[in-house]
Amino acid sequence: MKAQKVLGSAAVGVGLGTLLLPLAAFADTTVSPATTPVGGTVVLTTTTCNPKSGDALFRVTGPDRDQNVRSTTAAAGGGLSAELFTAGFTLGTYTVTTTCGDGSNGGTAQFTVTPIGGAQAGAGGRHGDTGVLVAGGALAAVALTGGAVLVAAVGAASARPGGCADPPSPAAGVLVPA
């Protein structure tokens, strides 16, 4: 009976994960390049937002900065984009959170501002997959835990005399040979 409860709980968890993971995967914001020197330009792009629903709002937060940047153009692959000039930015990592014109989540990304002369690297920061990876890891952990509990329950039941029944208790007046 306990094994059925564990299996039922695991099945519900897997089912919910299957429904929710695709929703998280659609929110997509990128910053290109992922690293730029002070005074450089990065392109903020969201492919999630529909240009017909209005402009996207990119919120840029980081060391000594919290500002909004409105999308200025339709992105080549669909969605919306804006350019951000990093003059006056403090060195460090910045997070870009996108809100679409209809109020929906457009995703999150990061970029790093380096000293002038620092090398650019990468095609763009992308953090849209973080939630998907965490959710997938949690589902895998639940499945492994459920499997371990099931194996332990079956092993313990088969080791008992008579298969699944608990042995009689000496306190009940029945002597069990050692």
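Since every read-out is calculated from the coordinates, none of them should be taken as a lab result. Computed from a predicted structure; not experimentally measured. Here the Cβ is made from the backbone with ideal geometry for all residues, glycine too, and neighbour counts use every protein chain on show.
Data table
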item	result
Separation in nanometres of the label points that stand 7 Å from Cα toward Cβ, at Asp102 and Arg70	2.1
Other-chain or far-sequence residues with amide H under 5 Å of Thr29's (modelled H)	Thr108, His127, Gly128
Over segment 44-109 - Rg/Rh using Cα atoms and the Kirkwood inverse-distance radius	0.98
Cβ-Cβ FRET estimate between Val38 and Gln110, R0 fixed at 22 Å, reported to 0.05	0.85
